[in-house]
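All remarks here apply to the structure that follows.
The values are calculated or read from the model by the stated rules, or taken from the named source; none is laboratory data. What you see is a predicted model, and the numbers here were worked out from it, not measured in a lab. Here the Cβ is made from the backbone with ideal geometry for all residues, glycine too, and neighbour counts use every protein chain on show. To get the accessible areas, we keep the full protein, side chains included, count just its heavy atoms, and leave off ligands, DNA and RNA. Shrake-Rupley method; radii C 1.70, N 1.55, O 1.52, S 1.80 Å.
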Amino acid sequence: MSARAEHAVLACAALLLTACTAVQHGRAGADPAASPAPAGLPERPHELSLAGTDPCSLFTAAQLDELGVSGEPRRAAEQRDGPTCALEVDRTEPYHSYYVEVITTADVRAWLDGDRANTGLTTEPTEVEGFPALTRYAPSAPPSDCETFVGVAEGQTLRTQLYPVTPDAFGQRQLCDLSTKAATLAVRTLQKTR
């Protein structure tokens, strides 16, 4: 091997070694306390514990107005995986309802590829306020609902769900956008209180 070829090989090896070393150090500016996100989702910027959180307290009066909520948030009769709050939009059409749930027993990954995943539903990775999130819905016509799951802490998930009451008033994308908007507002409030 000529001296020039040998020099090129050594330079390439040095470049590879440097690149590997840079990967070992992680991303610049990442919060060392942040939890790794499930594959296909962004990394969680920090932990926002849901322990002891009343889901009805996650919206300010201005946020309720922004969502068009007509009355006071109230505890839902059906508590699913955790405390659940119902928000009604029933002053003007199109009528719809939001459900907001705090889940302290399951990570957002459970709905992506864990024991709560459902191949009959469409599940799309996204993010809410920088936190790993999913939207999930049943592909149907007309659309029946949309859920947004936000991985706010390791093993804890905030879920919002939007149900249309007025028939044929929403497309699927609108339902998911509104569900994600409710989740975004709830996470903003949660960040201010933690």
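Against the condition modelled with pLDDT of 95 or more, farther than 18 Å from Asp107 by Cβ, out of contact with any Asp or Glu (no Cβ under 9 Å at 6 or more places or on another chain) and open to solvent by less than 60 Å² (accessible area, probe 1.4 Å), how does Thr184 come out, does it pass? Answer is no for this residue.
Can you find a residue in region 68-86 that is β-branched (Val, Ile, Thr), within 22 Å of Arg188 (Cβ to Cβ) and touching a residue at least 60 places away in the same chain (Cβ under 8 Å)? Step through it out loud before you land on a result.
Keep residues of region 68-86 that are β-branched (Val, Ile, Thr), which gives 69, 84.
Cutting the leftovers down to within 22 Å of Arg188 (Cβ to Cβ) gives us 69, 84.
Filter again for touching a residue at least 60 places away in the same chain (Cβ under 8 Å), leaving none.
For region 68-86, residues β-branched (Val, Ile, Thr), within 22 Å of Arg188 (Cβ to Cβ) and touching a residue at least 60 places away in the same chain (Cβ under 8 Å): absent.
Can you run down the residue pairs with Cβ atoms below 7 Å, 6 or more apart or on separate chains, where the first is in region 100-119 and free of Cβ contacts under 8 Å to residues at least 24 places away in the same chain and the partner is surrounded by 14 or more Cβ atoms within 10 Å (Cβ to Cβ) and in a helix (DSSP H, G or I)? What qualifies is Arg116/Ala110; Ala117/Trp111.
With respect to being surrounded by fewer than 21 Cβ atoms within 10 Å (Cβ to Cβ) and within 23 Å of Cys85 (Cβ to Cβ), Thr126 fits the description. For beta carbons closer than 6 Å, sequence separation of 6+ or different chains, a first residue in region 43-62 that is under 15 Å from Glu129 (Cα atoms) and open to solvent by less than 60 Å² (accessible area, probe 1.4 Å) and a second that is basic (Lys, Arg) and not in a loop (DSSP other than H, G, I, E, B), there are no qualifying pairs. Taking region 137-168 as the range and being open to solvent by 40 Å² or more (accessible area, probe 1.4 Å) and aliphatic (A, V, I, L, M) as the test, the residues that pass are Ala141, Val165. None of Ala106, Ala133 is under 14 Å from Gly151 (Cα atoms) and not in a loop (DSSP other than H, G, I, E, B) except Ala133. Filtering region 146-161 to residues that are in contact with a Phe, Trp or Tyr (Cβ under 8 Å, 6 or more places away or on another chain) and closer than 18 Å to Gly82 by Cβ leaves Glu147, Phe149, Val150, Gly151, Val152, Thr157, Leu158, Arg159, Thr160, Gln161.
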